[in-house]
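Report on the structure given below.
The values are calculated or read from the model by the stated rules, or taken from the named source; none is laboratory data. Predicted model, so just to flag it, every value in this text is computed and none were measured. Cβ placement follows ideal geometry from the backbone for every residue including glycine, while neighbour counts extend to all protein chains displayed.
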Amino acid sequence: MALANVVIVGAGFAGHTAALYLGDELGKKHKVTVVNKYDYFGYVPSWVWVGVGTMDPGKTTFPLAPVYRRKNVDFVHGVATEVHPDENYVLAEPLDETGPVRLDYDYLIIATGPKLDFGATPGLGPQAGYTYSICTRDHAIQSRDAYLELVSRLEKGESQTIVVGTGHPAATCQGAAFEYITNIHKDLLRRKLRDKVELIWLSNEHEVGDFGVRGIQVRRKGGIETSEEFIGALFDEYGITWFVQRGVQRVEPGVIHWEDFEGNYGTTEFDFAMLVPKFSGISLKYIGADGQDASEGVVNQAGFVLVDATYGLDYETLTRSPEAWPGRYQNRNYPNIFAAGIAFAPPGPISKPHVTPNGTSITAAPPRTGMVSGIIGRLVAKNVAQMITKGRMTHHERMTDMPAACIASMGDSLWDGSAATIVMYPVVPDPIRFPNEEGRDLFVAHMEMGLSGAWMKRMLHTTFMYKLKARPGWKIIPE
Amino acid sequence: MQFTDRDRFWMRNKPFQFVRFVALNLKILKAVNRSKRA
């Protein structure tokens, strides 16, 4: 069998999971190369704890190179800049400034994660704006420093306003923002400063508790309880003021400007704000054999990789078409290019879209992080390994087939912490297999809050760090 | 919906929460097994 080259761009949940499975299955017989701009893996779900100063950032990362050495995976610490899909190679710029390297591939997996598009909202973000983010480790550290500075002002007797939520009408990742605001609440309680702070939730969700997945419904006491009721009650319990159906338009020092579903414009003042930006695809150049731009055949306008989904359906049709969601994450024009995690272009939103009378679309984008990213990373890796060893691939899993568990902690204490645990199946409702109003399996769907969730969250941190370091038995732990 | 004193008591009750911890693990494994895990 001829030596095959597989190149993976990105080493987040999707790319790193794919690298581990490919290294494991292809071993020394073939060549697997990962290009990543960071030389460490970052366990994103724990950055909410970094952002309030309750976890050391070092506990959320580990170096990639030693793991890849054990798994026979080559590692380029650098940035991929160009993809030449007709000639099957990637150009990467190593960060040690040794000059660009050409990585030829038989199969390419694009798992870059998102570009944090702070520029889409003027005044947003920690670099050129007035808000903070917890989307990268460094952003979480910056948030922590700003938050602790605010705490010192509170200790001097000042009152402050903290706003957490989404920073663009099409933002996603409401779950992470939700977890951040509940951790701030818990930390302020611990410091006996909670009464000096007004905590505000500001989001583009259709309803509170929507989380970009059209909410969750569970059976309880003979009826149906919704995440809208559950999260609304939780915010009330914690004294968090919440506003949804608002798309942030721009941020000025201390003032967030937004537009709501009815087309009204308004402002929210803040002393500290953490707003999740819009996600776009990473700015890779796709260059054809003729030297011209070939991106049209690979990515959509937002830079996400087009895969085996049915694009262009209206929302109502999409909600009735589970088969429109991709199953192999394979580009149709270049079948040796796959995408995993946030990098793939979904066929549309899961949450109900909304356009204001002013023509602004305020629609939560579908989340494709964490568990979903890991599952897709494994699936793509297994298919690529099969193509190389058997010449065909058999693995197939749509987001209408995938489960997701979301554990939103409120503090990291194993003694008096708490967490909301939410389990759903499938992530994207499938009204054909589950012909109820929710389109989900109500025997699996679950929501509860309590100390057990805090234990779950800590257990997941420990077991995932173990798994992703490829320690013995790592494959037994599900993504 | 709103949380009652009874809810708050059980959310913090450690023996009960240990049982819930085991149940939640089983719940998540059930969800994983329902999927294709191709």
**Report entry** Selection count where residues are more than 18 Å from the chain's Cα centre (by Cα), crowded, with 21+ Cβ neighbours inside 10 Å and of a type in the set (Gly, Ala, Ser), scope the stretch A:385-416
**Finding:** 2
Query raised in the report: Identify, please: which residue in the stretch A:1-47 is among the aromatic types (Phe, Trp, Tyr) and under 14 Å from the mean Cα position of the chain (by Cα) and is, among those, nearest to A:Phe304 (Cα to Cα)?
Result: A:Phe13
Report task. Select from the stretch A:458-479 the residues that are aromatic (Phe, Trp, Tyr) and under 25 Å from A:Ser418 (Cα atoms) and write down the one among them that is farthest from the other protein chains (Cβ to nearest Cβ). Result -> A:Tyr466
Query - Subset of the stretch A:156-170 that is in a loop (DSSP other than H, G, I, E, B) and touching a residue at least 40 places away in the same chain (Cβ under 8 Å) - its residue that is nearest to A:Pro367 (Cα to Cα) - result: A:Ala170
**Report entry** Some residue of the stretch A:106-120 being of a type in the set (A, V, I, L, M, F, W, C) and more than 20 Å from the chain's Cα centre (by Cα)
**Finding:** yes
Query raised in the report: Can you tell which of A:Ala302, A:Ala273 is of a type in the set (Gly, Ala, Ser), touching a residue at least 60 places away in the same chain (Cβ under 8 Å) and touching a Ser or Thr at 6+ places or on another chain (Cβ under 8 Å)?
Result: A:Ala273
Query raised in the report: Within the stretch A:207-229, can one find any residue that is at pLDDT 95 or above, crowded, with 24+ Cβ neighbours inside 10 Å and either of a type in the set (Gly, Ala, Ser) or over 24 Å from the mean Cα position of the chain (by Cα) (or both)?
Result: no
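Yes/no per residue for (1) outside any helix (DSSP H, G or I); (2) under 23 Å from A:Gly10 (Cα atoms):
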site	(1), (2)
A:Leu116	yes, yes
A:Gly123	yes, no
A:His139	no, yes
A:Ser143	no, no
A:Ala146	no, no
A:Leu154	no, no
A:Thr172	yes, yes
A:Thr182	no, no
**Report entry** Hits in the stretch A:201-231 (condition: among the small types (Gly, Ala, Ser), more than 13 Å from chain B (Cβ to nearest Cβ) and touching a helix residue (DSSP H, G or I) at 6+ places or on another chain (Cβ under 8 Å))
**Finding:** A:Ser203, A:Gly212, A:Gly215
Report summary line: Quick count over the stretch A:332-354, residues being free of Cβ contacts under 8 Å to residues at least 40 places away in the same chain and in contact with a strand residue (DSSP E or B) (Cβ under 9 Å, 6 or more places away or on another chain), is 1
Report summary line: Exactly one of A:Ala302, A:Ala289, A:Ala340 is within 30 Å of A:Tyr89 (Cβ to Cβ), in contact with a helix residue (DSSP H, G or I) (Cβ under 9 Å, 6 or more places away or on another chain) and among the aliphatic types (A, V, I, L, M), and that residue is A:Ala340
**Report entry** Cβ pairs under 9 Å, 6+ apart, first in the stretch A:251-264 and over 21 Å from A:Gly359 (Cβ atoms), second of a type in the set (Asp, Glu) and part of a loop (DSSP other than H, G, I, E, B)
**Finding:** A:Gly254/A:Asp271
Report summary line: Within the stretch A:413-456, restricting to residues that are assigned to a loop (DSSP other than H, G, I, E, B) and of a type in the set (Phe, Trp, Tyr), the one that is farthest from the other protein chains (Cβ to nearest Cβ) is A:Phe434
Report task. Determine if the stretch A:342-353 includes at least one residue that is under 16 Å from the mean Cα position of the chain (by Cα), on the phi < 0 side of the Ramachandran plot, of a type in the set (Phe, Trp, Tyr) and more than 14 Å from every other protein chain (Cβ to nearest Cβ). Result -> yes
Report summary line: Flagged in the stretch A:198-224 as assigned to a strand (DSSP E or B) and of a type in the set (A, V, I, L, M, F, W, C), in numbering order, are A:Leu199, A:Ile200, A:Trp201, A:Leu202, A:Val218, A:Ile224
Requested in this report: For the stretch A:82-100, enumerate the residues that are at pLDDT below 95 and either closer than 12 Å to A:Ala11 by Cα or out of contact with any Gly (no Cβ under 7 Å at 6 or more places or on another chain) (or both).
Outcome: A:Asp96, A:Glu97, A:Thr98, A:Gly99, A:Pro100
Query raised in the report: Any residue at all in the stretch A:27-43 that is part of a helix (DSSP H, G or I) and in contact (Cβ under 8 Å) with a residue 60 or more places away in the chain?
Result: no
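Each row is one residue, and each column tells you yes or no for (1) of a type in the set (Lys, Arg); (2) under 30 Å from A:Asp106 (Cα atoms); (3) away from every other protein chain (no Cβ under 13 Å).
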residue	(1), (2), (3)
A:Pro366	no, no, yes
A:Leu379	no, yes, no
A:Lys382	yes, yes, no
A:Lys390	yes, yes, yes
A:Met393	no, yes, no
A:His396	no, yes, no
A:Gly411	no, no, no
Query raised in the report: Quick one: would you say A:Pro357 is on the phi < 0 side of the Ramachandran plot and in contact (Cβ under 8 Å) with a residue 40 or more places away in the chain?
Result: yes
Report task. Give the residue, chosen from A:Thr421, A:Thr394, that is of a type in the set (Ser, Thr, Tyr) and within 22 Å of B:Leu26 (Cα to Cα). Result -> A:Thr421
